[in-house]
Each structure stands twice: as structure tokens, then as C-alpha cells.
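Asks: Have a look at this one before I ask anything.
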Amino acid sequence: MAKTGPFDRNAVEYDRWYEEHRSAYAAELAAVRSILPTYSRPLEIGVGTGRFAGPLGVHFGVEPSATMRAIAESRGIEVVEAVAENLPFGDGEFDLVLMVTTVCFLDDLKEAFRESRRVLVDGGWIIVGFLDRETALGREYEAHRSGSRFYSVARFRSSAEILGALESAGFGDIAAVQTIFPGDTGDDEIAPLIREGLGEGLFAAVRGQKQEMSWPTGRR
């Protein structure tokens with residue numbers, strides 16, 4: 001069941017976070033941009049209020065929360081009511097699936113990635129942006145999530161969990177970057193620090209490409 005309650009009740013407050021934390025928002029956007037492939041038919045799953053879709057030129061998304069959809073639509077994004085595990089699209093309709101700060105709210109991570117693969121063209125890409133539970137800052141988020149209006153219903157994921165689920169779903173050619181490190185100043189005048197790899201930055205962005213699935217001999 002989609003965890004929409006906190007977002008339906010507090011969508012405006014959620015959206016305001018991006019104004020109040022501009023440096024963190026800029027760093028997350030920069031991380032995703034740094035691994036964006038060329039695309040023409042993108043879809044964002046869990047588009048929220050459109051804070052990533054809009055700046056990245058993604059004008060179509062799915063979102064289960066009605067109040068979040070309304071804000072995204074006010075930003076010019078076409079939004080369909082749906083959840084990641086059951087996408088209302090045919091096979092191969094998109095060449096990019098974007099999923100940012102969504103995986104911690106999913107009921108079934110592996111099924112969501114399988115659905116993402118299904119709606120992608122052969123060779124299409126997925127980008128997953130998430131808060132890495134196993135980093136120093138991620139452990140702080142985990143320790144205090146019960147006091148958050150939004151993250152109290154979240155299940156934070158580790159980078160190993162995300163990579164394993166992507167591989168299991170049929171994605172390869174993995175690339176990863178990270179940002180928001182302990183001790184960052186939060187100075188809006190300083191360019192965000194983006195590093196390759198995983199395990200240190202709170203926010204991670206991982207890109208994978210849809211691979212041809214190979215079946216065991218004799219299986220059709």
C-alpha cells in the first residue's frame with residue numbers, strides 16, 4: 001500500500017524543504033545531472049512535487065499522493081496516479097526512468113525495479129537517487145526518522161541493497177556518484193562536491209542500463 005498519508009497532509013511543508021535547504025537540493029540535483037544519459041522519453045516514478053523532474057526536463061511522471069500531484073502539475077508536469085510496483089504503461093515506452101528519494105517509501109523494491117525495466121526500451125536507463133543508510137549521515141537519519149513527518153514511514157536503503165536489486169532486475173553498466181558529506185559547509189556559493197563511488201555521501205545517485213536477460217538452457 002502506498003505510503004501517501006504524510007505527503008497528502010504535508011505536501012506544502014515537504015515542498016518548502018527545497019527552499020529552506022538550497023545547498024543540499026543543489027547538490028542532489030548536481031549528482032543526478034552528472035550521470036544523466038541522453039534521453040527523449042523520460043518518466044519519473046514518485047515525481048512528488050516536481051522538484052527534480054522540472055529542472056531535469058522530465059515532463060511526465062507517476063505519483064500516488066493527490067496533493068503532491070497537484071503541485072507537480074502546477075509546475076507543468078503531467079502526472080498519472082500510480083505506484084512503482086504497478087505501472088500503467090506498456091513495455092518499452094520510455095528510454096529513461098528516474099526515481100529520486102522514492103525507494104525508501106516502496107513496498108517492494110525488487111518489483112519496482114522489475115517494472116522499471118519492463119517499461120524501458122532495450123538499452124534504456126534507470127537513475128535511482130536515495131539517502132544511503134550505511135553512511136555516517138545516513139545512520140543519523142535512521143536514528144531520528146521516527147520524529148519526522150515523512151521519514152517515520154520510510155525504510156532507508158543501503159547502497160549494497162540498491163545495487164543488488166538493480167542487478168537482480170536486469171540492469172548492468174552501473175555508475176554511481178555521491179554527495180552531501182559530513183562537514184559540508186552548506187554554503188550556497190560553493191559548488192556542490194560530487195564524488196564517484198558510494199559509501200561516504202548521504203545522497204547517492206546510481207545509474208543502470210537495461211540488459212538483455214539470459215535464461216537457463218531449455219527455458220523459454
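The values are calculated or read from the model by the stated rules, or taken from the named source; none is laboratory data. Please read these numbers as outputs of a predicted model, since none were measured by experiment. FYI the Cβ positions are ideal-geometry reconstructions off the backbone, even for glycines, and counts take in every protein chain you see.
Asks: Answer yes if at least one residue in the stretch 31-44 is buried (at least 24 other Cβ atoms within 10 Å of the Cβ) and either over 29 Å from G123 (Cβ atoms) or without any contact (Cβ under 8 Å) to a residue 60 or more places away in the chain (or both), and no otherwise.
Replies: Checked against the condition, which is being buried (at least 24 other Cβ atoms within 10 Å of the Cβ) and either over 29 Å from G123 (Cβ atoms) or without any contact (Cβ under 8 Å) to a residue 60 or more places away in the chain (or both), the stretch 31-44 yields at least one hit.
Asks: Okay, moving on. Looking at this structure, is E85 in contact with a helix residue (DSSP H, G or I) (Cβ under 8 Å, 6 or more places away or on another chain), surrounded by fewer than 16 Cβ atoms within 10 Å (Cβ to Cβ), more than 15 Å from F171 (Cβ to Cβ) and modelled with pLDDT of 95 or more?
Replies: Values: in contact with a helix residue (DSSP H, G or I) (Cβ under 8 Å, 6 or more places away or on another chain): yes; surrounded by fewer than 16 Cβ atoms within 10 Å (Cβ to Cβ): no; more than 15 Å from F171 (Cβ to Cβ): yes; modelled with pLDDT of 95 or more: yes.
So E85 does not fit the description; no.
Asks: While we're here: Filter the stretch 204-220 for residues that are within 23 Å of I127 (Cα to Cα) and assigned to a loop (DSSP other than H, G, I, E, B); which is modelled with the highest pLDDT?
Replies: Of the stretch 204-220, the ones within 23 Å of I127 (Cα to Cα) are 204-214.
Subsequent filtering for residues that are assigned to a loop (DSSP other than H, G, I, E, B) retains 211-214.
On the way: Q211: 91, E212: 82, M213: 71, S214: 61.
Among those residues, the one meeting the criterion is Q211.
Asks: A further question on this structure: Of the residues in the stretch 103-153, how many are touching a Pro at 6+ places or on another chain (Cβ under 8 Å) and part of a helix (DSSP H, G or I)?
Replies: We begin by selecting, within the stretch 103-153, every residue touching a Pro at 6+ places or on another chain (Cβ under 8 Å); these are 125, 136-137, 149-150, 152-153.
Now drop any that are not part of a helix (DSSP H, G or I), which leaves 136-137, 152-153.
Selection size over the stretch 103-153: 4.
Asks: Consider A72 carefully, then state whether it is farther than 22 Å from A165 by Cα, crowded, with 21+ Cβ neighbours inside 10 Å and either modelled with pLDDT of 95 or more or among the basic types (K, R) (or both). Give the derivation first.
Replies: On the way: farther than 22 Å from A165 by Cα: yes; crowded, with 21+ Cβ neighbours inside 10 Å: yes; either modelled with pLDDT of 95 or more or among the basic types (K, R) (or both): yes.
So A72 passes the test.
Asks: With of a type in the set (K, R) and touching a residue at least 24 places away in the same chain (Cβ under 8 Å) as the only criterion, which of R75, R69 stands out? Steps first, answer last, please.
Replies: Values: R69 fails: touching a residue at least 24 places away in the same chain (Cβ under 8 Å).
So the residue among R75, R69 that is of a type in the set (K, R) and touching a residue at least 24 places away in the same chain (Cβ under 8 Å) is R75.
Asks: Sort through G50, G61, G76 and tell me the only one that's small (G, A, S), within 15 Å of F7 (Cβ to Cβ) and part of a loop (DSSP other than H, G, I, E, B).
Replies: G50
Asks: Next question. Mind checking which residues of the stretch 1-29 are at pLDDT 90 or above and touching a strand residue (DSSP E or B) at 6+ places or on another chain (Cβ under 7 Å)?
Replies: Listed by number, the residues that qualify are A27, E28.
Asks: One residue is enough: does the stretch 148-170 have a residue meeting the conditions loosely packed, with under 12 Cβ neighbours inside 10 Å, modelled with pLDDT of 95 or more and over 17 Å from the mean Cα position of the chain (by Cα)?
Replies: No; the residues of the stretch 148-170 include none that is loosely packed, with under 12 Cβ neighbours inside 10 Å, modelled with pLDDT of 95 or more and over 17 Å from the mean Cα position of the chain (by Cα).
Asks: Within the stretch 64-73, can you find the residues that are part of a loop (DSSP other than H, G, I, E, B) and either among the β-branched types (V, I, T) or within 15 Å of the chain's Cα centre (by Cα) (or both)? Full working, then the answer.
Replies: So the first thing to find is which residues in the stretch 64-73 are part of a loop (DSSP other than H, G, I, E, B), and the list is 64-65.
If the condition is that a residue be part of a loop (DSSP other than H, G, I, E, B) and either among the β-branched types (V, I, T) or within 15 Å of the chain's Cα centre (by Cα) (or both), then P64 is the only one that fits.
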